[in-house]
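Notes to accompany the following structure.
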Amino acid sequence: MMKPKRKKIPLFHVDAFTAEPFKGNPAAVCFPEQPYKDGVLQSIAAEMNLPETAFIRKLEQKPIREVHSFSLRWFTPKTEVNLCGHATLATAAVLFYDVKISARKVFFETRSGTLTAKVENDEIMLDFPSHKTIRVDPTADFLAALGVEGFVNAQLSKKSGDLLIRLRSEASVKSLKPDFERLKSVGAQENIVGVIVTAKGHPPHDFVSRFFAPRLGIDEDPVTGAAHTVLGPYWSRILGKDEMRAYQASERGGEVTVRILSPDRVGLIGNAVVISKGELYLDKAALG
């Protein structure tokens with residue numbers, strides 16, 4: 001008996017917010033030409049088992065090298081998310097560097113509205129919404145789960161659900177050891193999606209950070225573009241600067257240049273490296 005014919009879908013593995021392979025934040029970028037069921041997309045993301053898998057489709061009936069507009073969705077191994085910086089950067093890098101589209105600027109239609117990516121010198125700049133914060137007082141249970149004994153202040157982005165906690169030093173950010181199971185439980189009780197810890201950096205970095213999201217299936221994210229939509233406005237107010245160099249102090253590490261574009265928009269500038277490419281095979285039953 002012949003096996004059913006399966007569709008071949010281009011699939012890329014990209015390290016984002018780095019110019020070096022095997023650093024920064026890894027993402028899978030998948031190019032399905034037809035819509036697939038959400039459960040199938042989630043299964044693909046779980047199979048890839050990377051912090052994010054991006055799914056991109058053309059919004060114009062043209063050869064892909066001539067297309068300017070795309071739809072874009074992001075999935076962790078556990079769930080779909082509303083905004084992801086590093087997987088967007090990875091997607092743009094595939095389009096600009098591997099597919100070699102003719103456009104120098106592309107538009108992505110997403111859950112967070114229209115996002116853009118453009119080539120800027122030897123890097124890529126993403127135009128993202130910025131996330132304003134309000135001052136809050138974290139509970140003792142939350143601080144204990146995070147492993148924080150003292151902090152400068154705390155800010156919450158109600159829109160993203162991210163809690164930012166400023167620590168007293170770069171060393172305290174780097175040495176932090178959260179209890180992730182406890183953090184996931186307390187975060188669910190207090191409706192906190194992700195946790196950003198940050199401190200003023202040492203030259204050449206204006207600030208450093210780490211990002212934890214155990215509720216999304218990611219204990220610690222290597223480099224988090226979306227977190228910098230919160231960090232950028234916060235540190236801009238403190239430092240009085242519209243452009244800052246940031247370092248995310250995870251095990252892999254990565255750099256982000258953050259530029260304040262307007263009161264409501266922030267630019268995230270970085271590079272990405274395509275590590276591998278291949279094909280994903282799906283049958284017709286997976287179509288939406």
Anything in segment 12-47 that is over 18 Å from the mean Cα position of the chain (by Cα) and in a strand (DSSP E or B)? List them, or say none. Tyr36
Among the candidates Ala154, Ala144, which residue alone is small (Gly, Ala, Ser), touching a Pro at 6+ places or on another chain (Cβ under 7 Å) and not assigned by TED's automatic domain parsing to the domain that holds Ser69? Ala154
Using the structure shown, decide if Phe107 is closer than 24 Å to Lys159 by Cβ, out of contact with any helix residue (DSSP H, G or I) (no Cβ under 7 Å at 6 or more places or on another chain) and in contact (Cβ under 8 Å) with a residue 12 or more places away in the chain. yes
Among (1) surrounded by 15 or more Cβ atoms within 10 Å (Cβ to Cβ); (2) out of contact with any Cys (no Cβ under 9 Å at 6 or more places or on another chain), there is one condition Ala226 misses while meeting the rest; what is its number? (2)
Spot the failing condition for Gly187; the list is (1) modelled with pLDDT under 95; (2) outside any helix (DSSP H, G or I); (3) surrounded by 22 or more Cβ atoms within 10 Å (Cβ to Cβ), and only one is missed. (2)
Out of segment 128-145, which residues are touching a strand residue (DSSP E or B) at 6+ places or on another chain (Cβ under 7 Å) and either aromatic (Phe, Trp, Tyr) or within 30 Å of Gly278 (Cβ to Cβ) (or both)? Phe128
Within the bounds of segment 80-90, is there any residue that is crowded, with 24+ Cβ neighbours inside 10 Å, assigned to a loop (DSSP other than H, G, I, E, B) and in contact with a strand residue (DSSP E or B) (Cβ under 9 Å, 6 or more places away or on another chain)? yes
So which residues in segment 101-128 are surrounded by 17 or more Cβ atoms within 10 Å (Cβ to Cβ), among the small types (Gly, Ala, Ser) and in a loop (DSSP other than H, G, I, E, B), if there are any at all? Ser112
Please go through (1) over 21 Å from Gly113 (Cβ atoms); (2) at pLDDT 95 or above for Leu59 and return the number of the only condition it doesn't satisfy. (1)
What single numbered condition from (1) touching a Ser or Thr at 6+ places or on another chain (Cβ under 6 Å); (2) closer than 21 Å to Pro222 by Cα; (3) surrounded by fewer than 16 Cβ atoms within 10 Å (Cβ to Cβ); (4) not small (Gly, Ala, Ser) fails to hold for Leu59? (2)
Sort out for me the strands (runs of 3 or more DSSP E) sitting completely within segment 232-288 that have 3 or more residues that are over 22 Å from Leu126 (Cα atoms). 272-282
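The values are calculated or read from the model by the stated rules, or taken from the named source; none is laboratory data. The structure presented is a predicted model; accordingly, all values stated were derived computationally and were not measured. Virtual Cβ from ideal backbone geometry, glycine too; neighbours counted across all protein chains shown.
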